[in-house]
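Undergrad: Have a look at the structure that comes next, please.
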Amino acid sequence: MSRLMLGRTLERVCKAVLLLCLVHFLIMMILYFDVYSQRFDIFSRFNNGRGANASRWPHHSYYNYSGARPNATFPSYIPSSEQLLPSGKPEQNSTHTTPKPIPPCPEVPPGLVGRLLIEFSSLMSMERVQRENPNVTEGGKYTPPDCRPKQKVAIIIPFRHREHHLKYWLHYLHPILRRQKIDYGIYIINQLGEDTFNRAKLLNVGYTEALKDAEYDCFIFSDVDLIPMDDRNLYHCYDQPRHFAIAMDKFGFRLPYAGYFGGVSGLSKKQFLKINGFPNEYWGWGGEDDDIYNRITLNGMKVSRPDVKIGRYRMIKHERDKHNEPNPQRFNKIQNTKNTMRKDGISSLMYRLVSIKKYPLYTNISVEIGKPPPRPLRG
């Protein structure tokens with residue numbers, strides 16, 4: 001009896017095992033056909049979806065499904081070496097991304113400090129200034145890396161024997177200009193020789209030579225001894241000619257008179273050409289700024305200025321330069337601006353370029369600009 005029961009038990013176990021094997025076999029067959037149909041479907045969609053690009057894709061008989069990435073849309077594709085496209089990969093699998101366009105620079109840069117402490121007592125050297133401004137490139141040029149400025153600005157400084165002042169100017173202005181997000185280049189226009197100094201003619205030279213170096217559309221004309229006391233005084237061009245240095249410590253931080261246009265000013269290329277640039281015949285100190293102011297107003301433009309609290313400047317104290325004595329003819333010339341501005345200016349500029357040297361912090365342009373004409377005899 002016990003043997004009979006044991007035999008029946010073994011028979012049931014064997015049937016159960018056979019049933020499980022059959023179920024397992026059916027499941028495997030279902031999975032096999034399901035996977036096969038998916039592969040066939042992918043293959044069909046891949047071939048049918050090539051569209052206009054079908055002629056660019058050769059037919060291949062080898063596909064690798066085992067190395068597909070988890071997020072891949074299509075299985076990995078392995079063509080022979082002779083059949084690779086120039087890129088080496090199908091266009092659908094390209095990982096190249098177009099770089100994001102650089103945004104325009106904000107009207108008011110966020111990194112401005114405001115009122116600055118300006119002093120000239122500490123020792124200054126070109127080596128120190130260069131260490132302080134590693135992002136300034138050869139020739140004294142800088143472009144903001146994170147935004148696109150609307151203007152390209154040439155800063156032009158008339159110069160002779162002012163190396164001491166230049167160190168302080170570069171020390172303060174480079175950081176200010178970078179915070180202002182200005183795309184700029186600095187040009188020192190050095191008058192060679194010891195003849196009478198001519199500031200306005202040097203500024204005309206600076207305009208001409210800067211345009212040979214780059215496509216500037218804004219020009220800032222600055223004396224080397226004037227340092228802005230507020231970096232909110234933005235060094236770019238405006239809808240009207242701009243006078244920046246409206247409140248110097250020399251004048252008690254006030255505008256000396258309504259028509260004053262001295263120290264630091266800015267004009268766009270269009271504005272500069274409209275007034276025929278600056279006069280060339282003001283030899284010695286004084287008068288050229290008033291002539292420029294007359295040219296602006298006579299051509300239907302107005303001078304724009306910053307707020308008096310922002311347009312403050314400190315001047316580096318110094319003795320009057322030799323061969324830059326006051327021009328005794330300046331008052332007569334100022335009264336005749338209307339008659340002279342069309343024939344005396346950028347259109348009549350003559351000079352001899354001697355050398356151009358690009359230093360780490362600025363471009364030095366040395367020129368010979370001639371001598372003043374002999375003064376008429378009295379009587």
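Undergrad: Considering every residue within the stretch 201-216, establish whether at least one is among the polar types (S, T, N, Q), touching a Leu at 6+ places or on another chain (Cβ under 8 Å) and closer than 20 Å to Ile292 by Cβ. Before you say what the answer is, go through the steps one by one.
TA: Going through the stretch 201-216, the residues among the polar types (S, T, N, Q) turn out to be 204, 208.
Within this subset, residues satisfying the condition of being touching a Leu at 6+ places or on another chain (Cβ under 8 Å) are 204, 208.
Going one step further and asking which of them are closer than 20 Å to Ile292 by Cβ, we end up with 204, 208.
Yes, the stretch 201-216 contains at least one residue that is among the polar types (S, T, N, Q), touching a Leu at 6+ places or on another chain (Cβ under 8 Å) and closer than 20 Å to Ile292 by Cβ.
Undergrad: Taking only pairs six or more apart or across chains, which ones have beta-carbon atoms under 9 Å, a first residue in the stretch 238-258 that is among the hydroxyl-bearing types (Ser, Thr, Tyr), and a second residue that is surrounded by 15 or more Cβ atoms within 10 Å (Cβ to Cβ)?
TA: Going by the 9 Å Cβ cut-off, the qualifying pairs are Tyr238/Gly266; Tyr238/Ser268.
Undergrad: Restricting the search to the stretch 224-268, which residues are in contact with a Leu (Cβ under 8 Å, 6 or more places away or on another chain) and more than 24 Å from Glu163 (Cβ to Cβ)?
TA: Kept after step one, since they are in contact with a Leu (Cβ under 8 Å, 6 or more places away or on another chain), are these residues of the stretch 224-268: 224, 227-232, 235, 237, 241-242, 245-248, 263-264.
If the condition is that a residue be in contact with a Leu (Cβ under 8 Å, 6 or more places away or on another chain) and more than 24 Å from Glu163 (Cβ to Cβ), then Asp230, Asp231, Arg232, Cys237, Pro241, Arg242, Ile246, Ala247 are the ones that fit.
Undergrad: Within the stretch 120-128, does at least one residue satisfy the condition of being among the basic types (Lys, Arg), assigned to a helix (DSSP H, G or I) and out of contact with any strand residue (DSSP E or B) (no Cβ under 8 Å at 6 or more places or on another chain)? Full working, then the answer.
TA: Filtering the stretch 120-128 for residues among the basic types (Lys, Arg) gives 128.
Still in the list and also assigned to a helix (DSSP H, G or I): 128.
Applying the additional criterion that residues be out of contact with any strand residue (DSSP E or B) (no Cβ under 8 Å at 6 or more places or on another chain) yields 128.
Yes, the stretch 120-128 contains at least one residue that is among the basic types (Lys, Arg), assigned to a helix (DSSP H, G or I) and out of contact with any strand residue (DSSP E or B) (no Cβ under 8 Å at 6 or more places or on another chain).
Undergrad: With the structure loaded, tell me whether Ser366 is closer than 30 Å to Glu127 by Cα, out of contact with any Gly (no Cβ under 8 Å at 6 or more places or on another chain) and of a type in the set (S, T, N, Q) or whether it fails that test.
TA: When the stated conditions are applied, Ser366 passes them.
Undergrad: Scan the stretch 338-349 residue by residue and report those that are more than 13 Å from Leu202 (Cβ to Cβ) and either touching a residue at least 60 places away in the same chain (Cβ under 8 Å) or surrounded by 18 or more Cβ atoms within 10 Å (Cβ to Cβ) (or both). Give the derivation first.
TA: Step one: of the stretch 338-349, the residues more than 13 Å from Leu202 (Cβ to Cβ) are 338-345, 347-348.
Once the filter is applied, which keeps residues that are more than 13 Å from Leu202 (Cβ to Cβ) and either touching a residue at least 60 places away in the same chain (Cβ under 8 Å) or surrounded by 18 or more Cβ atoms within 10 Å (Cβ to Cβ) (or both), the stretch 338-349 yields Thr340, Met341, Arg342, Asp344, Gly345, Ser347, Ser348.
Undergrad: For the stretch 186-208, does any single residue satisfy the condition of being within 23 Å of Pro109 (Cα to Cα) and touching a residue at least 60 places away in the same chain (Cβ under 8 Å)? Reasoning before the result, please.
TA: Within the stretch 186-208, the first condition is being within 23 Å of Pro109 (Cα to Cα), and the residues that meet it are 186.
Still in the running and touching a residue at least 60 places away in the same chain (Cβ under 8 Å): 186.
Yes, the stretch 186-208 has at least one match.
Undergrad: Against the definition (touching a Phe, Trp or Tyr at 6+ places or on another chain (Cβ under 7 Å) and either of a type in the set (Lys, Arg) or touching a residue at least 24 places away in the same chain (Cβ under 8 Å) (or both)), how does Tyr172 come out, yes or no? Give the derivation first.
TA: On the way: touching a Phe, Trp or Tyr at 6+ places or on another chain (Cβ under 7 Å): no; either of a type in the set (Lys, Arg) or touching a residue at least 24 places away in the same chain (Cβ under 8 Å) (or both): yes.
Spelling it out, it is not the case that Tyr172 is touching a Phe, Trp or Tyr at 6+ places or on another chain (Cβ under 7 Å) and either of a type in the set (Lys, Arg) or touching a residue at least 24 places away in the same chain (Cβ under 8 Å) (or both).
Undergrad: Continuing with this model, one more query. What are the pairs, 6+ residues apart or on separate chains, where a residue within the stretch 117-135 that is more than 13 Å from Tyr359 (Cβ to Cβ) has its Cβ under 9 Å from a residue that is among the charged types (D, E, K, R) and surrounded by 14 or more Cβ atoms within 10 Å (Cβ to Cβ)?
TA: Here the result reads Ile118/Arg314; Glu119/Arg314; Phe120/Arg314; Met124/Lys167; Ser125/Lys167; Arg128/Lys167; Asn135/Arg178, each pair linking the stretch 117-135 to a residue that is among the charged types (D, E, K, R) and surrounded by 14 or more Cβ atoms within 10 Å (Cβ to Cβ).
Undergrad: Considering every residue within the stretch 154-173, establish whether at least one is over 25 Å from Ala247 (Cα atoms) and aromatic (Phe, Trp, Tyr).
TA: no
Undergrad: Sticking with this structure for a sec: Any idea how many residues of the stretch 154-207 are out of contact with any helix residue (DSSP H, G or I) (no Cβ under 7 Å at 6 or more places or on another chain) and more than 28 Å from Leu116 (Cα to Cα)?
TA: Residues in the stretch 154-207 being out of contact with any helix residue (DSSP H, G or I) (no Cβ under 7 Å at 6 or more places or on another chain) and more than 28 Å from Leu116 (Cα to Cα): 12 in total.
Undergrad: Separate question: Go through (1) surrounded by 16 or more Cβ atoms within 10 Å (Cβ to Cβ); (2) at pLDDT below 95; (3) not hydrophobic (A, V, I, L, M, F, W, C) and name the single condition Asn294 misses.
TA: Looking at each condition in turn, Asn294 falls short on (2).
Undergrad: State all residues of the stretch 137-158 that are touching a Ser or Thr at 6+ places or on another chain (Cβ under 7 Å) and either farther than 20 Å from Asn190 by Cβ or in a loop (DSSP other than H, G, I, E, B) (or both); if no residue qualifies, say none.
TA: Once the filter is applied, which keeps residues that are touching a Ser or Thr at 6+ places or on another chain (Cβ under 7 Å) and either farther than 20 Å from Asn190 by Cβ or in a loop (DSSP other than H, G, I, E, B) (or both), the stretch 137-158 yields Gly139, Gly140.
Undergrad: Here are some conditions: (1) polar (S, T, N, Q); (2) free of Cβ contacts under 8 Å to residues at least 24 places away in the same chain; (3) surrounded by 14 or more Cβ atoms within 10 Å (Cβ to Cβ). Asn332 meets all but one. Which one does it not meet?
TA: Among (1) polar (S, T, N, Q); (2) free of Cβ contacts under 8 Å to residues at least 24 places away in the same chain; (3) surrounded by 14 or more Cβ atoms within 10 Å (Cβ to Cβ), Asn332 violates only (3).
Undergrad: Quick check: anything in the stretch 311-331 at pLDDT 95 or above and either of a type in the set (S, T, N, Q) or not in a strand (DSSP E or B) (or both)?
TA: Checked against the condition, which is being at pLDDT 95 or above and either of a type in the set (S, T, N, Q) or not in a strand (DSSP E or B) (or both), the stretch 311-331 yields at least one hit.
The values are calculated or read from the model by the stated rules, or taken from the named source; none is laboratory data. It should be emphasised that the depicted structure is a prediction, and the values quoted were computed from it without experimental measurement. Using ideal geometry, Cβ is built from the backbone for each residue, glycine included, and neighbour counts are taken over all protein chains shown.
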